[in-house]
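This report refers to the structure that appears directly beneath it.
The values are calculated or read from the model by the stated rules, or taken from the named source; none is laboratory data. Keep in mind that this is a model prediction, so the values were computed, not measured. Here the Cβ positions follow ideal geometry from the backbone for every residue, glycine too, while neighbour counts run over all protein chains shown.
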C-alpha cells in the first residue's frame, strides 16, 4: 500500500499537499527531519502516515493533555489504533495502555515529555523493550530558549538519540527562525536532518491591524457580525482576560477566560467547552492554545501586541485550520511596545535580551508598516511574496488611497529645511509648530514651521511611516539614533513632478470584515447538517469538528452527493467515516435536495490542488459572484437561464439578485408577483425576519426560499 492509499483509507483525502509526501518518504527511509509547516498545513499527517505503514509504534511527544486527547479522539474516529499516556489517567488505564504497547496493538502513543523520564528513566527503558519505529516531536520550538514558547520539560528530549540512536526522529513546528531551527536540531542531536520548509502563507487568513482606540467597541461590532463563529481573543495579563470576558458576557456573548492562574481542572473544563462549541469565545493569555486542534476557529483577536512575530504567527494560525475564510485582528499601541520592552530583559543574559528586543522591534515594524502585511510576515520567515495580497487591511484599502502630494511635500520640505538631522518625532513637532525645547528659535523662522497644524500628531506619525515605507524618506541610524533623510525620489515630489498617494486614516475593521466566506453552498442545508453533527458529537462525547469539519460540511452542501460512492469523493470521508456517518448525512442531503428540486453536483467537484504561495491571487469574493448573476440577468436572461448557465439553484440566483434590491438596481416586482409579496410580508410581520425557516413554515408549501429572501431584502430596505 502506498502513502496516498493510506491517506484515502484513514483520512478521506486523495492527494497530499505541499511537501507532505516528500517528508513521509524521507521518514519511511529511516532518516531524521526538521519540518516547518504552518498551523493547519497538515503537520500531523507527516508522522501519522509513516506510523500506519511502519511495523512498530510511533511515540509522539506533545506538550498538552488537551491536545493529546483531541488528536487521539480524531484518529480513533478515523479507525486508527492509538492511545495517550498522561497524568489525567487512572493507574488502571495507564497499565492497560502499557499492556497494549507490549502486545504491539498500537500504531501511535502520545506522551508528555516528562513521561519519558519519569521514575528515573524507567519508561525510557520500557520503550527499549518494544518496537519503537519513530519518534515525533510536536511543537519542537519548545526545546529552544530562542523559541517563542520555551519549555524546560522539553530539554529532557536530549536523551532520545543517546538511547535510540537508530530510530528516526521527526521534529515539527509551525514557526521558528534560523537561530531556533539550529537550536532544535542541536539539542535533539538529530543526525544529518533534512530541513523541510513549507510555505508560511495562510491565504485563507485575512490580517488586520487597528489602532488601540475604542478597541472594545470595535470588537463588539465585529462580534455582532459573526454571532455564530468561534474565536480566540488574546490579552497580555490575567486581569485583562477576566475583565474582557466579563464585559463580553454582559454584552450577551458566550465567552469565558483562560489563563495559567486557573486551577488545572477549571482550565481543562473551559478548553473542553470551547472545543465542543459550548462556548464561542475564549479570552486568554498565551497560556491557551498551543497546538489546539479545533478546526473551525474563525477569528483570532490580539487585544494587546504579541512579544514577537513567531508568537503572533503561531497564535493567528489557530484560525482557519479547515481552510475557510478567517480573520486575524490586532489592536496596536506603542504603549504596548514600551511595556513589553521591560519584559524582554533576561537577567544576566545580555545576548538573549538583545535577541528578544530585536524580535520585539520586528513586531513593532509589522504593526506600523504601510505596506502589505502578508508580504512583511512572509519576508520575516525568508519567504518571498508579491506586493499585494488583497487580504490584509493595507491591500483592501489600497484602492481608496488619496492624493497626498501636498502632505508629502510639507513633510519632505520640513526634513530638508531642518538639515536632515532629526528623528520622526521632531519633524512632526516642527510641522505642527509645537512648543518643544528641541525646536530652537532659528527653526521657528523657517518657512515650513507649523505648516501642518491641521493634522494631528498621531496622523502625522502614520503619514511619516508610510512615506518611509514607500521610499520617499528613509531612516539613517549610523549616528546611533534614527534620523530622517530624504530619499532619491524626494526631489521629484518637491518639484511637483511626481504625485504621492497615501492611505486614508479611517478604521477599516467593521467595514472590511463583515463579508461572507467566498464559497457557494446551500446555507440552509449546511445549518441542518451542523445541527445533526452537534447531536452526534454530544451523543459520542466528542468535539463536533472531530465528527466532520466545517470544510467537509460545506463541500457536502456545495456538491450535494446522493450516493455512498459520491460521498466518498468528499474530502474528509475515509472508509470508517463513510460507514459510520455516510447514511446519516446522505439522508439529510436527499431530503433537502427533494424539497428544493436539486440534483447532485458531484461532477463539478475538482481534485484539490496543493496549497502554494499565491502572490496575492484570491478566489472571487461572494460579492463578485452575486455581480456575475446580476449582469447575466440584466443582459436579458431569465432566472432559470442564469441558474442553468451557472449550475446553481434558482433559489441561489434569486438570493444573489435580492442583494441589489436595497440600492434600487432591481425591483421586487421583477422577482416576485405582487400577490405573493403581500402574503410573504404578512408572514414576516408575524414571525420577524431573523429565521427564514420560520417564515417558510408560516407560508403555503409552494413558496420558495428565493422568493422569501427577495421579499426580506425589500422589507428590510423599506424599514430602514
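Overview of values
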| quantity | calculated |
| --- | --- |
| Residues located in the stretch 340-391, provided they are at pLDDT 90 or above and outside any helix (DSSP H, G or I) | none |
| Test for residue 130: is it in contact (Cβ under 8 Å) with a residue 24 or more places away in the chain and touching a strand residue (DSSP E or B) at 6+ places or on another chain (Cβ under 6 Å) | no |
| Qualifying strands (runs of 3 or more DSSP E) (wholly inside the stretch 266-338; at least 2 residues being touching a residue at least 60 places away in the same chain (Cβ under 8 Å)) | 297-302, 326-332 |
| Checking residue 630 against (1) modelled with pLDDT under 80; (2) farther than 22 Å from residue 597 by Cβ; (3) within 33 Å of the chain's Cα centre (by Cα), the condition it does not meet | (1) |
| Every residue from the stretch 231-253 that is within 23 Å of residue 328 (Cβ to Cβ) and in contact with a strand residue (DSSP E or B) (Cβ under 7 Å, 6 or more places away or on another chain) | 231, 232, 233, 234, 235, 241, 244, 245, 248, 253 |
| Hits in the stretch 113-131 (condition: buried (at least 19 other Cβ atoms within 10 Å of the Cβ) and modelled with pLDDT of 80 or more) | 113, 124, 127 |
| Strands (runs of 3 or more DSSP E) wholly inside the stretch 154-244 containing at least 2 residues that are farther than 29 Å from residue 271 by Cα and at pLDDT 90 or above | 194-197 |
| Enumeration of residues in the stretch 245-265 that are in contact (Cβ under 8 Å) with a residue 12 or more places away in the chain and part of a loop (DSSP other than H, G, I, E, B) | 251, 253, 254, 259, 260, 261 |
| Given (1) within 26 Å of residue 153 (Cα to Cα); (2) out of contact with any strand residue (DSSP E or B) (no Cβ under 8 Å at 6 or more places or on another chain); (3) outside any helix (DSSP H, G or I), index of the condition residue 45 fails | (3) |
| The stretch 392-446, subset assigned to a helix (DSSP H, G or I) and closer than 30 Å to residue 203 by Cα, residue modelled with the lowest pLDDT | 399 |
| Selected residue (only one of 557, 593 is within 25 Å of residue 709 (Cβ to Cβ) and touching a helix residue (DSSP H, G or I) at 6+ places or on another chain (Cβ under 6 Å)) | 557 |
| Residues (in a helix (DSSP H, G or I) and modelled with pLDDT of 90 or more) located in the stretch 555-576 | 555, 556, 557, 558, 559, 564, 565, 566, 567 |
| Search result, residues across the stretch 58-81 that are outside any helix (DSSP H, G or I) and crowded, with 23+ Cβ neighbours inside 10 Å | 58, 59, 60, 61, 62 |
| Neighbours by Cβ (under 6 Å, 6+ apart or cross-chain): first from the stretch 479-495, outside any helix (DSSP H, G or I); second loosely packed, with under 13 Cβ neighbours inside 10 Å and modelled with pLDDT under 90 | 483/476; 485/476; 487/471 |
| Residue match in the stretch 636-649 (condition: modelled with pLDDT of 80 or more, within 35 Å of the chain's Cα centre (by Cα), part of a helix (DSSP H, G or I) and more than 24 Å from residue 717 (Cα to Cα)) | yes |
| Residue within the stretch 60-81 that is without any contact (Cβ under 8 Å) to a residue 24 or more places away in the chain and closer than 21 Å to residue 548 by Cβ present | yes |
| Residue 532 being in the same structural domain as residue 588 (by TED's automatic domain parsing), under 21 Å from residue 70 (Cα atoms), assigned to a helix (DSSP H, G or I) and in contact (Cβ under 8 Å) with a residue 40 or more places away in the chain | yes |
| Enumeration of residues in the stretch 39-62 that are in contact with a helix residue (DSSP H, G or I) (Cβ under 8 Å, 6 or more places away or on another chain) and over 18 Å from residue 165 (Cα atoms) | 39, 42, 44, 45, 46, 47, 48, 49, 50, 52, 53, 62 |
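Every residue, every condition in (1) surrounded by fewer than 23 Cβ atoms within 10 Å (Cβ to Cβ); (2) over 30 Å from residue 382 (Cβ atoms); (3) more than 28 Å from the chain's Cα centre (by Cα), yes or no:
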| residue | (1), (2), (3) |
| --- | --- |
| 14 | yes, yes, no |
| 22 | yes, no, no |
| 31 | yes, no, yes |
| 35 | no, no, no |
| 40 | yes, no, no |
| 56 | yes, yes, yes |
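Yes/no matrix, rows are residues, columns are (1) out of contact with any strand residue (DSSP E or B) (no Cβ under 8 Å at 6 or more places or on another chain); (2) surrounded by fewer than 22 Cβ atoms within 10 Å (Cβ to Cβ); (3) outside the structural domain of residue 368 (by TED's automatic domain parsing):
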| position | (1), (2), (3) |
| --- | --- |
| 151 | yes, yes, yes |
| 155 | yes, yes, yes |
| 163 | yes, yes, yes |
| 172 | no, no, yes |
| 189 | yes, yes, yes |
| 213 | yes, yes, no |
